[in-house]
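Bear in mind these aren't lab numbers, they're just calculated from the coordinates by the rules spelled out. Computed from a prediction, not measured in an experiment: that's the story for all the values here. Because the Cβ atoms are built from the backbone with ideal geometry, glycine has one as well, and the counts that use them run over all protein chains shown.
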Amino acid sequence: KAGVTQTPRYLIKTRGQQVTLSCSPISGHRSVSWYQQTPGQGLQFLFEYFSETQRNKGNFPGRFSGRQFSNSRSEMNVSTLELGDSALYLCASSFLDSRNTGELFFGEGSRLTVL
Amino acid sequence: AQSVTQPDIHITVSEGASLELRCNYSYGATPYLFWYVQSPGQGLQLLLKYFSGDTLVQGIKGFEAEFKRSQSSFNLRKPSVHWSDAAEYFCAVSADGGYQKVTFGIGTKLQVIP
């Protein structure tokens, strides 16, 4: 069974540009969460989607947005990039129904560098 | 709001020695608690979880953790560390077994020396 797939794995952008990251969850998982990981900050929750609806949102500025498609694939977008947006962006999927065990299944992340 | 504190940012242990990683949580009701491990260049993998019942839970790779409500703690232990255990470990809490957002601690980086 394929795991969570994130693309691209690495990317370099410059300040002011925008970026779109993609996440394909495990087949059958309908919940997708996004986290930002930086040294010293750990994992910061960005948002979570379920059935194309944003269920939860973290404390990030409006430059960070996301969406989920009918096939559960999700994208997140960061506009007007700042140097501080350099981070590893992790996507995690899970069941959110009777099969839910509470476990999040993580992808390997997209490492964004902003110059 | 729920929160997780991992007081040790970096721990070094000798191979074969015992290990205990500390985790304290803040949440009003009974929390759902998790430990995840992240190897370099990879995503996070679940080691173990506690929802209810026996307060000592067993996980993968020989790890165990004990839930102590009176101390608001969920410490991770392993009796004998292997070099392959070198990684970063994250404690996490959720209000409702994953139906609410999962909040992670800052992580503890484990170094294993021969």
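A few notes on this one:
- Looking only at the range B:66-114, residues that are within 17 Å of B:Arg22 (Cβ to Cβ) and under 16 Å from the mean Cα position of the chain (by Cα) come to 31 in all.
- Residue match in the range A:74-81 (condition: among the β-branched types (Val, Ile, Thr), under 16 Å from A:Gly16 (Cα atoms) and within 14 Å of the chain's Cα centre (by Cα)): yes
- Within the range A:57-84, residues that are closer than 24 Å to A:Ile12 by Cβ sit with their Cβ atoms under 7 Å from residues that are assigned to a loop (DSSP other than H, G, I, E, B) and polar (S, T, N, Q), at 6+ positions apart or across chains, in these pairs: A:Arg63/A:Ser79; A:Arg63/A:Thr80; A:Asn77/A:Gln18; A:Val78/A:Gln18; A:Ser79/A:Gln18; A:Thr80/A:Gln18; A:Leu81/A:Gln17; A:Leu81/A:Gln18.
- The range A:68-78, residues that are assigned to a strand (DSSP E or B) and surrounded by 21 or more Cβ atoms within 10 Å (Cβ to Cβ): A:Gln68, A:Ser74, A:Met76, A:Val78
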